[in-house]
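Just below is one structure, and these are the notes that go with it.
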Amino acid sequence: MAQRLRETVALVTGASSGIGEATALQLAADGATVAIAARREDRLDELARKIRDAGAHALVVVADVSDREQAAGCVETTVGELGRLDIVVNNAGQMLLGPVAEQPAEEIDRMLALNLQGLIHVSQAALPHLRSAAQDPPRRVADLVNVSSVAGRRANAGAAVYNATKHGVGAFSEALRQEVTREHVRVSLVEPGAVATELLSHNRPEIQEASARRLGDLDPLRAQDVADAISFVVTRPRHVAVNEVLVRPTEQQ
Ligand code: NDP
């Protein structure tokens, strides 16, 4: 298939593993030049090598998205180095689970600062550039894709703060969509169910064990399945906006 994203620039946050890594590779295969942002430079360097080996261009942007200046900075670095910004995938996120009464305040702050505030700061910094890309060839449309979760639709005991951040992402995305869609900046929400990534590994050991028990022998999504959904969203023709994609493993209830 023709490379539908050629001559475009995409920024993917949280690109050093999991869904972000698969998405960066997919968007590069679709023809985009990809700025890949996260904190682990060695993982980003490795990914950039893979993208270049496949014949595409990549820019490594080391940034902690939970810091307001660095969140805006990864947008400015992308535009400064690559000249434009057509697509942003706000994917960086952490899922730290457990009952509210026992959750360390630091975990609460970390999720709010990254999953919600970081996503908002990246989005705000990207808006002028997306607006201007939406006026320009080759596509005359721009995309802001926010990675939420099934947890952004359905709240469950043991995930209250994560639920709050992802429900917040949903509300933010819909309101922003209404603000900018007439300018051909499409705001989309992608809501995966369980995906096999490193996400759970940042939890306290007892939480990891409980979550693994809950998932049982469920056959999870692969990161590529979500990358496919994101690629579908951003390769639609100019008059089509896919506002929301909920994608679960078939066996997930
Ligand atoms: P991973 O843990 O594999 O990836 C998370 C990414 O976020 C990493 O690249 C990590 O990079 C980055 N990240 C974490 N903290 C920061 C930070 N402070 N600044 C910048 N980047 C950061 O998990 P997933 O791929 O699963 O998660 C990606 C998104 O998908 C998240 O938003 C998550 O909530 C969502 N999601 C995941 C599901 C799943 O089951 N896996 C289900 C539904 C949604 P680094 O550590 O190098 O900074």
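The values are calculated or read from the model by the stated rules, or taken from the named source; none is laboratory data. Quantities reported herein were computed from a predicted structural model and do not represent experimental measurements. Heads up, the Cβs are rebuilt from the backbone with ideal geometry, glycines too, and the neighbour counts pull from every protein chain shown.
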- Message: Please determine whether any residue of the stretch 29-50 is away from the ligand (no atom under 15 Å from the Cβ), farther than 21 Å from Val147 by Cβ and touching a strand residue (DSSP E or B) at 6+ places or on another chain (Cβ under 6 Å).
- Response: no
- Has the stretch 124-144 got any residue that is within 16 Å of the ligand (Cβ to nearest atom) and either over 25 Å from Ala28 (Cβ atoms) or surrounded by fewer than 16 Cβ atoms within 10 Å (Cβ to Cβ) (or both)? no
- From Leu200, Leu215, which residue is among the aliphatic types (A, V, I, L, M), more than 25 Å from Ala125 (Cβ to Cβ) and free of Cβ contacts under 8 Å to residues at least 40 places away in the same chain? Leu215
- Query: Across the stretch 174-200, which residue is farthest from the ligand (Cβ to nearest atom) among those that are farther than 16 Å from Leu114 by Cβ and hydroxyl-bearing (Ser, Thr, Tyr)?
  - Reply: Thr181
- Message: Please pick out the residue among Val242, Val190 that is touching a helix residue (DSSP H, G or I) at 6+ places or on another chain (Cβ under 8 Å) and part of a loop (DSSP other than H, G, I, E, B).
- Response: Val242
- Task: Please work out if Gly193 is under 19 Å from the mean Cα position of the chain (by Cα), over 27 Å from Arg4 (Cβ atoms), buried (at least 18 other Cβ atoms within 10 Å of the Cβ) and without any contact (Cβ under 8 Å) to a residue 60 or more places away in the chain.
- Result: no
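Take residues that are closer than 16 Å to Leu130 by Cα and tell me which of the helices (runs of 4 or more DSSP H) falling wholly in the stretch 1-111 contain 1 or more.
Details: elements: 18-29, 41-53, 68-82, 105-111.
Result: 68-82.
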- Query: In the stretch 163-180, how many are among the charged types (D, E, K, R) and buried (at least 20 other Cβ atoms within 10 Å of the Cβ)?
  - Reply: 1
- Note on the structure: Reported set for the stretch 89-111 where residues are hydrophobic (A, V, I, L, M, F, W, C) and either touching a helix residue (DSSP H, G or I) at 6+ places or on another chain (Cβ under 6 Å) or within 10 Å of the ligand (Cβ to nearest atom) (or both) is Val89, Ala92, Met95, Leu96, Leu97, Val100, Ile108, Met111
- Task: Write out, first by first residue and then by second, each pair whose Cβ atoms fall under 6 Å of each other, whose residues are 6+ apart or on separate chains, and whose first residue, in the stretch 82-99, is under 24 Å from Leu59 (Cβ atoms) while the second is acidic (Asp, Glu) and away from the ligand (no atom under 11 Å from the Cβ).
- Result: Ile87/Asp143
- Which of the following residues is modelled with pLDDT of 95 or more and outside any helix (DSSP H, G or I): Thr197, Thr165, Thr181? Thr197
- Message: Step by step: first the residues of the stretch 145-162, then only those that are in a loop (DSSP other than H, G, I, E, B) and surrounded by 19 or more Cβ atoms within 10 Å (Cβ to Cβ), then the one that is farthest from the ligand (Cβ to nearest atom). Which residue is that?
- Response: Ala159
